[in-house]
Structure formats: C-alpha cells, structure tokens
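Following: one structure in structure tokens, then a few remarks.
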Amino acid sequence: MADIKTDLHKSILDLHANMKSLEETVVAQQKRIEDMELTLKDEKKKQDDPAEVKERRRSIVAIGVPENGSSSMFERNLADTNKVHQLLQHVDATSAPVAVYRIGRQKEDGRPRLLKVVMSSQFAQRDLLKTVHKLK
C-alpha cells in the first residue's frame, strides 16, 4: 500500500511539473503572438502612409549606376546627382529630380547600390519612364 501511495505521489508531482512546463510554454507563445501582432500593425501602418505611397509613385530606381569612390558622403551624393542630371539630359527629360540617394549599405564586392531618383510628380516619373529606352 505504501508503494502505491509513493508511486501516486510521484506521478502527481510529475504531472504538476509537466503542467507547469506547459503553462510556461503557453505564456511564451502568447508573448510571441503579441509581438507578431505588433510587428504586423507597424508594417500595415508603413504601407498605409500616404506620404510614402506618394513618394513611391513618383520614384524611379536605377540599377548598375557606378558609385563614386570618395569617402565623403557629400561628394558621393553630389556625384550621383550630377550623374542623374547627365542621364536626364541624355533622354531629354522635361523635369529635374527632387531627390537622389542610394539604397542600402555599400557592398564589399564593388557592385553599385541601387540609386533612387524621386521626381517632382507622378507625371514627371511616367514621362521619364517613357523616354528611358534612349539609354540602351
């Protein structure tokens, strides 16, 4: 009888330990779900931002435009701006860009980063895209 009591007591203790472990797992999973929901809300807000949508509609991303090797960010940006102006003159663009900047970090393999060109309006962006075939 004492053996049965001991075994029962041991089983109950094991069940309590398992239950506590499961409760901790549930709490951790609830925390992960809350974090994911917050991240999802933040991403949705970013997508719904009207200013960001407006900028996206008037932007062009150029690939393969060589980067200036200068260590000064100002000089690199000036070189990018000048290069974009030269390209726009070459295609007889009707409008100048509002902003020119590189996207991402500099790559160690020497490949140039993407170059984002923000035009003054969606019309200017579309007009430029119509003439870009002259670059080929």
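The values are calculated or read from the model by the stated rules, or taken from the named source; none is laboratory data. Quick caveat: nothing in here was measured; it's all calculated off a predicted structure. With ideal geometry, Cβ positions are generated from the backbone for all residues, glycine too; neighbour counts draw on all protein chains shown.
Report yes if some residue within the range 62-82 is in the same structural domain as PRO112 (by TED's automatic domain parsing), touching a strand residue (DSSP E or B) at 6+ places or on another chain (Cβ under 8 Å) and loosely packed, with under 10 Cβ neighbours inside 10 Å; otherwise report no. Within the range 62-82 (the criterion being in the same structural domain as PRO112 (by TED's automatic domain parsing), touching a strand residue (DSSP E or B) at 6+ places or on another chain (Cβ under 8 Å) and loosely packed, with under 10 Cβ neighbours inside 10 Å), the answer is yes, since at least one residue qualifies. Residues in the range 83-102 that are of a type in the set (D, E, K, R) and loosely packed, with under 11 Cβ neighbours inside 10 Å: ASP92 alone. Of all residues in the range 33-71, those satisfying the criterion of being farther than 29 Å from ASP127 by Cα and modelled with pLDDT of 90 or more are ILE33, GLU34, ASP35, MET36, GLU37, LEU38, THR39, LEU40. The residues of the range 103-118 that are surrounded by 12 or more Cβ atoms within 10 Å (Cβ to Cβ) and in contact with a strand residue (DSSP E or B) (Cβ under 6 Å, 6 or more places away or on another chain), listed by number, are ARG113, LEU114, LEU115, LYS116, VAL117, VAL118.
Quick check, is VAL98 within 17 Å of PHE123 (Cα to Cα), in contact with a strand residue (DSSP E or B) (Cβ under 7 Å, 6 or more places away or on another chain) and of a type in the set (A, V, I, L, M, F, W, C)? Answer is yes for this residue.
Does ILE103 fit the bill of being in contact with a Lys or Arg (Cβ under 6 Å, 6 or more places away or on another chain), within 30 Å of ASP42 (Cβ to Cβ) and β-branched (Val, Ile, Thr)? Here the answer is yes, as ILE103 does meet what is asked. Before we move on, is GLN29 over 18 Å from PRO112 (Cβ atoms), exposed (fewer than 10 other Cβ atoms within 10 Å of the Cβ) and not aliphatic (A, V, I, L, M)? No; evaluated as a whole, the condition is false for this residue.
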